[in-house]
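What follows is one structure encoded as structure tokens, with my remarks underneath.
The values are calculated or read from the model by the stated rules, or taken from the named source; none is laboratory data. All figures in this text were calculated on a predicted structure; none of them were measured in a lab. Neighbour counts run over all protein chains shown; Cβ positions are idealised from the backbone, glycine included. These area figures cover heavy atoms from the full protein model, side chains too; ligands, DNA and RNA do not enter into them. Shrake-Rupley method; radii C 1.70, N 1.55, O 1.52, S 1.80 Å.
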Amino acid sequence: LLELGRMMMVDLDMVLLDEPSAGIPPILQNKVLDYIKKMSRERGLTLFVVEHDMNVIMNLCDPIIVMTDGGVLTQGSPEEVRSDERVIQAYLGQDSREHYAK
């Protein structure tokens, strides 16, 4: 949360967020993510997000670029990414189809 406050104090074009929801109580996560989206939209920031919580990625980023082994696996809207067979196999697992189909 402190890092997000520091971001507001400088003029940035791109921000790297490493696990932005880590350590934030679940009840505050949506508020923080909404704030990040708002700040990105209002300031025209590009977000580079490293996150293992796919719900966070699917709700925070559009478009999404999925990387693996140092290269781009695929890119597109959350809907396109969540239905890409390569992403499902590499990151989400077969059982994720129903969970992330929302």
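Remark: the chain carries a charge dipole of roughly 320 debye about the Cα centre, counting +1 on each Lys and Arg Cβ and -1 on each Asp and Glu Cβ. Within the full protein context, the accessible area of SER40 is estimated at about 20 Å² for a probe radius of 1.4 Å.
Accessible surface for the chain, divided over its residues, is 69 Å² per residue with a 1.4 Å probe.
Evaluated at q = 0.20, 0.21 Å⁻¹, the base-10 log of the normalised Debye intensity for the chain, with identical point scatterers placed on the Cα atoms, takes the values -1.09, -1.17. Placing a label point 7 Å from the Cα of ASP13 along the Cα-to-Cβ direction, the residues of the stretch 25-49 whose backbone N falls under 11 Å from that point are 46.
Using just its DSSP H runs of length 4 or more, each adding -39500 (n - 2.57), the chain gives a mean residue ellipticity at 222 nm of -10500 deg cm²/dmol after division by all residues.
Considering only beta bridges that DSSP places wholly inside the chain, some 50 percent are antiparallel.
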